[in-house]
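The values are calculated or read from the model by the stated rules, or taken from the named source; none is laboratory data. As the structure is a computational prediction, the values presented were derived from the model and not from experiment. For neighbour counting, all protein chains shown are included, and Cβ atoms are generated from backbone atoms with ideal geometry for every residue, glycine included. We work out accessible area using only protein heavy atoms, side chains counted, and drop any ligands, DNA or RNA first. Shrake-Rupley method; radii C 1.70, N 1.55, O 1.52, S 1.80 Å.
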Amino acid sequence: MAILKMTKTKNEKKLEVILPEHVAIIMDGNGRWAKRQHKSRIFGHKAGMQNVETIALAANNLGVKVLTLFAFSTENWGRPQDEVNYLMKLPIDFFNTFVPELIENNIKVEGIGEIDDLPEKTRQAFLNAVEDTKDNTGLILNFAINYGGRTEIVDATKSIVNQVLQGKIKTEDIDEKLFQNNLLTNTLAEKANPDLIIRTSGEQRISNFLLWQSAYSEFYFSPKLWPDYTAEDLEEALAAYSNRDRRFGKIRES
Ligand code: FPP
């Protein structure tokens with residue numbers, strides 16, 4: 001989309017384009033995409049997994065700093081066992097296939113979620129990808145795997161309570177910053193909160209994703225099903241973001 005490219009050339013700097021540093025995506029619609037083609041849901045998830053690479057490369061090229069992708073929620077364990085098994089296999093296939101390309105493009109893999117509760121092969125594939133890309137300085141490709149926003153908040157609360165009980169901190173020390181430091185996203189430091197959350201497939205809900213971190217995020221809903229979501233669609237979402245007026249509860253200064 002031209003509007004975004006304009007920022008890159010000095011002569012055409014008339015339009016101020018504001019890029020989100022942290023984009024988070026709820027990748028929805030794999031099942032419906034497969035159904036439309038009279039294929040199994042698993043077929044849709046495979047196409048969805050392949051699209052992760054396309055969108056990660058696009059985000060990296062556009063200058064996004066963090067891309068958080070909701071790959072598996074704590075609620076997804078309730079799906080039929082063969083679908084869960086397949087969803088657990090996807091990260092293994094993804095990292096086996098794409099890590100060399102991620103390295104070539106300077107992309108760093110990170111993750112949030114209950115990683116230790118994943119099947120061992122899935123956990124290991126993820127940890128290997130983190131290790132293999134740890135020195136990269138481009139896009140942080142942050143996978144939310146076995147992630148749930150409420151669990152994250154409950155776990156942070158337990159951790160803070162323990163720190164108080166052990167005398168490491170006082171109750172008066174608990175503030176938003178300290179709470180934030182106890183969330184899974186603390187590794188992202190000042191980029192922990194997504195500027196823009198995109199959900200594909202026309203659904204308009206948060207589904208237990210980044211509940212704390214989304215307090216002042218902008219939302220963008222695309223009707224496209226995730227396997228059909230393209231780099232151009234992402235550019236369109238970023239262009240829409242650029243036109244938003246973020247006030248963080250304050251008023252615009254004239
Ligand atoms: C929601 O669509 C999608 C998921 C629960 C899984 C998302 C996972 C991927 C896109 C691949 C992840 C890839 C890696 C590398 C970990 P849905 O199944 O709910 O679709 P529906 O609403 O149309 O049924």
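Side notes on the structure shown:
- Within the stretch 243-254, if we keep just the residues that are out of contact with any Asp or Glu (no Cβ under 8 Å at 6 or more places or on another chain) and touching a residue at least 24 places away in the same chain (Cβ under 8 Å), the residue that is least open to solvent (accessible area, probe 1.4 Å) turns out to be Gly249.
- Condition met for Lys134 (open to solvent by 70 Å² or more (accessible area, probe 1.4 Å), assigned to a helix (DSSP H, G or I) and either over 16 Å from Val52 (Cα atoms) or of a type in the set (S, T, N, Q) (or both)): no
- For the stretch 223-230, the criterion of a residue being more than 18 Å from the chain's Cα centre (by Cα), open to solvent by 40 Å² or more (accessible area, probe 1.4 Å) and modelled with pLDDT under 95 is satisfied by no position.
- Among residues of the stretch 65-87, those that are more than 9 Å from the ligand (Cβ to nearest atom) and either assigned to a strand (DSSP E or B) or open to solvent by less than 20 Å² (accessible area, probe 1.4 Å) (or both), counted: 4
- Of all residues in the stretch 136-156, those that are without any contact (Cβ under 8 Å) to a residue 60 or more places away in the chain have Cβ atoms under 8 Å from Cβ atoms of residues that are open to solvent by 30 Å² or more (accessible area, probe 1.4 Å) and part of a strand (DSSP E or B), 6 or more apart or on another chain, in Asn136/Lys108; Thr137/Lys108.
- Residue within the stretch 33-42 that is crowded, with 20+ Cβ neighbours inside 10 Å, more than 23 Å from Arg123 (Cα to Cα) and of a type in the set (A, V, I, L, M) present: yes
- Considering residues of the stretch 175-201 that are in a loop (DSSP other than H, G, I, E, B) and in contact (Cβ under 8 Å) with a residue 40 or more places away in the chain only, the residue farthest from Ile18 (Cα to Cα): Ser201
- Selection status of Phe126, buried (at least 18 other Cβ atoms within 10 Å of the Cβ) and outside any strand (DSSP E or B): yes
- Residue that is surrounded by the fewest Cβ atoms within 10 Å (Cβ to Cβ), among those in the stretch 16-32 that are in a loop (DSSP other than H, G, I, E, B) and under 14 Å from the mean Cα position of the chain (by Cα): Glu21
- If the condition is being under 23 Å from Asn85 (Cα atoms) and surrounded by 17 or more Cβ atoms within 10 Å (Cβ to Cβ), then the stretch 95-113 contributes Phe95, Phe98, Val99, Val109, Glu110, Gly111, Ile112, Gly113.
- Counted residues, the stretch 57-104 - those being of a type in the set (Gly, Ala, Ser) and touching a strand residue (DSSP E or B) at 6+ places or on another chain (Cβ under 7 Å): 3
- Applying the criterion of being among the β-branched types (Val, Ile, Thr) and surrounded by 13 or more Cβ atoms within 10 Å (Cβ to Cβ) to the residues of the stretch 170-203, the residue that is farthest from the chain's Cα centre (by Cα) is Ile174.
- Whenever a residue of the stretch 214-233 is closer than 17 Å to Ala59 by Cβ, its partners that are away from the ligand (no atom under 16 Å from the Cβ) and at pLDDT below 95, lying with C-beta atoms within less than 6 angstrom and at least six residues away or across chains, give the pairs Glu218/Arg244.
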